[in-house]
1. Around Tyr274, with a cut-off of 13 angstrom between Cβ atoms, what is the net charge of the other residues, counting Lys and Arg +1 and Asp and Glu -1?
2. Tell me which trypsin sites (Lys or Arg not before Pro) from the range 188-283 have a DSSP coil assignment and no more than 14 other beta carbons within 10 Å of their own.
3. Quick one: among Asp72, Asp210, Asp272, which has the greatest mean-square fluctuation in a GNM of the chain with alpha-carbon springs under 10 angstrom?
4. So what is the orientation-averaged projected area of the range 1-105, using the convex hull of its C-alpha atoms, in nm²?
5. Can you work out D for the range 237-343 in µm² s⁻¹ from Stokes-Einstein, where Rh is the Kirkwood radius over C-alpha pairs, the temperature is 20 °C and the viscosity is 1.002 mPa s?
6. Provide, as a two-decimal number, the C-alpha radius of gyration of the range 176-266 over 2.2 N^0.38 Å, N being how many residues it has.
7. I need to check one value: relative contact order of the chain, counting alpha carbon pairs closer than 8 Å and at least 6 residues apart, in percent.
8. Defining a contact as two alpha carbons under 8 Å apart and six or more residues distant in sequence, what relative contact order in percent does the range 73-181 show?
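Read-outs: derived from the displayed coordinates by stated rules, not from any lab. Predicted, not measured: the structure shown is a model, and the values here were computed from it. Using ideal geometry, Cβ is built from the backbone for each residue, glycine included, and neighbour counts are taken over all protein chains shown.
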Amino acid sequence: MINEKETKQLDWENLGFSYIRTDFRFISHYKEGQWEEGTLTTDNKLHISEGSTALHYGQQCFEGMKAYRAKDGSINLFRPYENAQRLNRSCSRLLMPTFPEDKFIEAVKNVVRANEDWIPPYGTNSSLYIRPFMIGVGDNIGVKPADEYIFSVFVMPVGAYFKGGLKPSNFLVSTYDRAAPRGTGAAKVGGNYAASLLPGKEAKDRQFSDAVYLDPATQTKIEEVGAANFFGITHDNEFVTPVSPSILASITKRSLMWLAENRLGLTVREGDVYVDKLDQFKEAGACGTAAVIAPIGGLQVGDDFHVFYSEDEVGPVTVQLYNELVGIQFGDIEAPEGWIEKV
Ligand code: PLP
Ligand code: COI
């Protein structure tokens, strides 16, 4: 078994966001209407039927969360019950069985503990990314929900998702939609990401960090980034973020809304963000578990390039929000009740 940790010392400060095979993952099978107890395994391969609904009809969903090493050596999870609940909302949308919340938390904690050596040290700004997922499996060919499922959780150490971390980068407003108005945009399902691969590639080929999607019904309002939600700070210090049934309900975004209001004293508003009214914002950013906060320097909208705070400097409100969020996640700043779950 190739174990990178044994063959080389990881450069914890410069990890990026790539697959690293860690030692243990959790796996549980669903058969005859029941989840089995589940177990930790070292095998990172799945042996599934060629007829699995996950392979043909996209019957699968996933979550993204992180474990953080605190200064005192303890391990923090950030609002993990929110991920358990969102996974189950995604499951329900795709007619998959839900996974009990307490079992989800237990599985996540067990995988994190079993891979404890892979958690980046405190002070490196890196963390252990946790990927829970569920797939429809079993012998099938018709377009219908599977009878059998697999739920699994694997982990790997990661650094910044967007190059540079807390450094502004530019994004491209896509002419494609990632989700339909009454489709699966609010669920964390693979099909949304499959739809974002081509627009994402087009953006990256033109040196942008990622695509930004407009509302699929009118293509006039910003919805979200390919792998993160969008927020803007207005000139009169309002934290504004799009509201839409076709974007993913970001746990990071919800947390920033609370912090903006209660720790920074900003007004918070969820509403329409018209792409032709970007002048109202002095700062903008993309936020999510993987992205943390990626400041948006400039946004390409058709032939126009709109610069927010600066293309090379991060705005002060974004810095404050980032410090507050990351400080809480690593345990340096007092967390609101229930936000930190110790492993
Ligand atoms: N939007 C999309 C499309 C995402 O993939 C993610 C990442 O999970 C987010 C938003 C941010 O959600 P969260 O803050 O819960 O990670
Ligand atoms: C996350 O932030 O956890 C995501 O799932 C985004 C991306 C890696 C798909």
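1. Working: positive: Lys221, Lys277; negative: Asp215, Glu223, Asp272, Asp276, Asp279.
Net local charge, Tyr274 excluded: -3.
2. Values: sites: Lys188, Lys201, Lys204, Arg206, Lys221, Lys253, Arg254, Arg263, Arg269, Lys277, Lys282; in loops: Lys188, Arg206, Arg263, Lys277.
Hits after loop and neighbour filter: Arg206, Lys277.
3. Judging by the Gaussian network model, the answer is Asp72.
4. On the way: hull surface 36.7 nm².
Averaging across all directions leaves 9.2 nm² for the Cα convex hull.
5. Values: Rh = 14.9 Å.
Value of D from the Cα-based Kirkwood radius: 144 µm²/s.
6. Values: Rg = 14.0 Å, N = 91, 2.2 N^0.38 = 12.2 Å.
Dividing the Cα Rg of the range 176-266 by 2.2 N^0.38 Å gives 1.15.
7. After rounding, I find 19 percent.
8. On the way: 96 pairs, mean separation 23.6, N = 109.
Value for the range 73-181: 22 percent.
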